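The values are calculated or read from the model by the stated rules, or taken from the named source; none is laboratory data. Only a predicted model underlies this, so the values are computations on that prediction, with no experimental measurement involved. Neighbour counts run over all protein chains shown; Cβ positions are idealised from the backbone, glycine included.
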Amino acid sequence: MKVVLRIALGIIAAIGGFVDIGDVVFNTQAGAQFGYELLWAVPIGVVGITVYAEMSGRVAAVTRRPVFDVIRTRLGLPTGLVVLVASLFVNVLTLSAEIGGVALVLQLFFDAPFTLFALLGALGMVTIIWFTPFEGLERLFGYLGLALFVFVAAALHEHPDWHSVGGGFVPEAKSSTLYWYFVVGLIAAALMPYEVYFYSSGAVEERWTPNDLLVNRLNAVVGYGIGGLLSLGLMVAAAQMFAPAGVVPDHLGTVPLLAQIPYGEAGLVLALLGMLFAIGGAAVDASFAASYSIAQFAGWEWGKYRRPSGAPRFTLAWLVFFALGLGILMTGIDPLELTEYSVVLSVVALPLTYIPVLLIARDRTFMGEHANGPVARVLGWLYMVILVVVAVAAIPLLLATNAGGG
């Protein structure tokens, strides 16, 4: 039972990484526009983030060094600084989108202006972070975010054509730029850099040692496996209910209808609660990931396990990042549009984020007997090739499709 409870880190990392506002947007839109045809992109992302999360957690447990410490060590100060600036830019955009997502969900519960809920949502999350220990944050956002399973239940309730579902896991070569834009978006939403920054730093926060490698593996496999299952549920449900009706979910408020159609008001409430805590968990992930990155790069004291006064610059950093994210929203930008840009732009940083993790995880000088085995080496390099291809294609596809607008 203790081991089961300790997989909370993987669950919040997966719920806040796989099923954040970016995943909700890309999966429901992909299902609504392409039916089951893009299901194959989800397991590619699931396996990729599982492989690299396991590596980053193992490196943290063995060396006591989180990802950004590894990036600076392996890439050097100049290249590390480039990665830091790029990651902070993407993390702030992501955090702003997540705060916007929380505000949009709150608007569906209560009738008040968006800007008010953006402010209240940000203040609420700051208050929760300030007074809640790291383990409490994991369990609050991770476990309550599991209410999103109502979308999986809704997909099954509608009795999908399993032959067509199975066919969706076979990749197709299409000439449609919109099709490939969603492929890139689905993979990128699964492999957002902030996920491994948060995950590996969380492993240090929890003081993992080599004795915790089983816990690390369970966190990566079970946590991200759950995230992948929820993503598939969203896409299958959208393919069944939105695609035949020609509904394009271009507003976050459209998504909970997938649960309301089969389950009525109870399904709607569960969907909204799951989205609220999943997107809120992603905001925590993104704010901490940005703060971890800058603190580790600059050599500051950091960690939520410390009191705010014990790591004042780290604490100030995540407060400032929340303020910046909120400030971006106050310009009037559409949170869903911001989400698409943050997801696709993050792709460019993926190779530089993951190559240091791969190099350290395979290095016996650092890892000893816990270095990558044959399976991890093969999967690590295979996904590095995939990440490079996706990174090269991302910006042209973003421009060619007008950010998915066709």
Completion exercise
With the first residue restricted to the range 197-222 and required to be among the aromatic types (Phe, Trp, Tyr) and surrounded by fewer than 24 Cβ atoms within 10 Å (Cβ to Cβ), and the second required to be at pLDDT 85 or above and part of a helix (DSSP H, G or I), Cβ contacts under 6 Å at 6 or more apart or on different chains are Trp208/Ala61
Practice task
Filter the range 304-314 for residues that are in contact (Cβ under 8 Å) with a residue 24 or more places away in the chain and either surrounded by 15 or more Cβ atoms within 10 Å (Cβ to Cβ) or in a helix (DSSP H, G or I) (or both) and give the result.
Solution key: Lys304, Pro308
Exercise for the section: Assess whether Val236 counts as being in contact (Cβ under 8 Å) with a residue 24 or more places away in the chain, of a type in the set (Val, Ile, Thr) and surrounded by fewer than 24 Cβ atoms within 10 Å (Cβ to Cβ). Expected result: no
Handout entry: Residue ID - surrounded by the fewest Cβ atoms within 10 Å (Cβ to Cβ), chosen from residues in the range 1-38 that are over 12 Å from the mean Cα position of the chain (by Cα), hydrophobic (A, V, I, L, M, F, W, C) and modelled with pLDDT under 75
Key = Met1
Completion exercise
Expected single match for over 20 Å from the mean Cα position of the chain (by Cα), at positive phi and assigned to a helix (DSSP H, G or I) among Gly76, Gly80 is Gly76
Exercise for the section: Enumerate the pairs (first residue in the range 58-79 and more than 20 Å from Met192 (Cβ to Cβ); second residue anywhere and part of a loop (DSSP other than H, G, I, E, B) and modelled with pLDDT under 75) with beta-carbon separation below 9 Å, excluding pairs fewer than 6 apart on the same chain, so at least 6 apart or on different chains. Expected result: none
Handout entry: Output for the range 169-200, where each listed residue is at pLDDT below 90, hydrophobic (A, V, I, L, M, F, W, C) and not in a helix (DSSP H, G or I)
Key = Ala173, Leu191, Met192
Fill in the blank from the handout: Going through (1) in contact with a helix residue (DSSP H, G or I) (Cβ under 9 Å, 6 or more places away or on another chain); (2) modelled with pLDDT of 90 or more one by one, Phe288 fails only at (2)
Exercise for the section: Please indicate, with yes or no, whether at least one residue in the range 120-142 is more than 19 Å from the chain's Cα centre (by Cα) and not in a helix (DSSP H, G or I). Expected result: yes
Practice task
Restricting attention to the range 57-99, report how many residues are among the polar types (S, T, N, Q) and surrounded by fewer than 24 Cβ atoms within 10 Å (Cβ to Cβ).
Solution key: 3
Practice task
Check whether at least one residue in the range 161-168 is surrounded by fewer than 16 Cβ atoms within 10 Å (Cβ to Cβ), outside any helix (DSSP H, G or I) and either free of Cβ contacts under 8 Å to residues at least 12 places away in the same chain or not hydroxyl-bearing (Ser, Thr, Tyr) (or both), and report yes or no.
Solution key: yes
Practice task
Evaluate the following for Asn216: is it over 28 Å from Leu387 (Cα atoms) and assigned to a helix (DSSP H, G or I)?
Solution key: no
Exercise for the section: For the range 363-401, enumerate the residues that are without any contact (Cβ under 8 Å) to a residue 40 or more places away in the chain, under 19 Å from Leu191 (Cβ atoms) and either of a type in the set (Lys, Arg) or surrounded by 23 or more Cβ atoms within 10 Å (Cβ to Cβ) (or both). Expected result: Arg377
Practice task
Output yes when any residue across the range 270-277 is more than 13 Å from Val150 (Cα to Cα) and either in a helix (DSSP H, G or I) or touching a residue at least 40 places away in the same chain (Cβ under 8 Å) (or both), and no when none is.
Solution key: yes
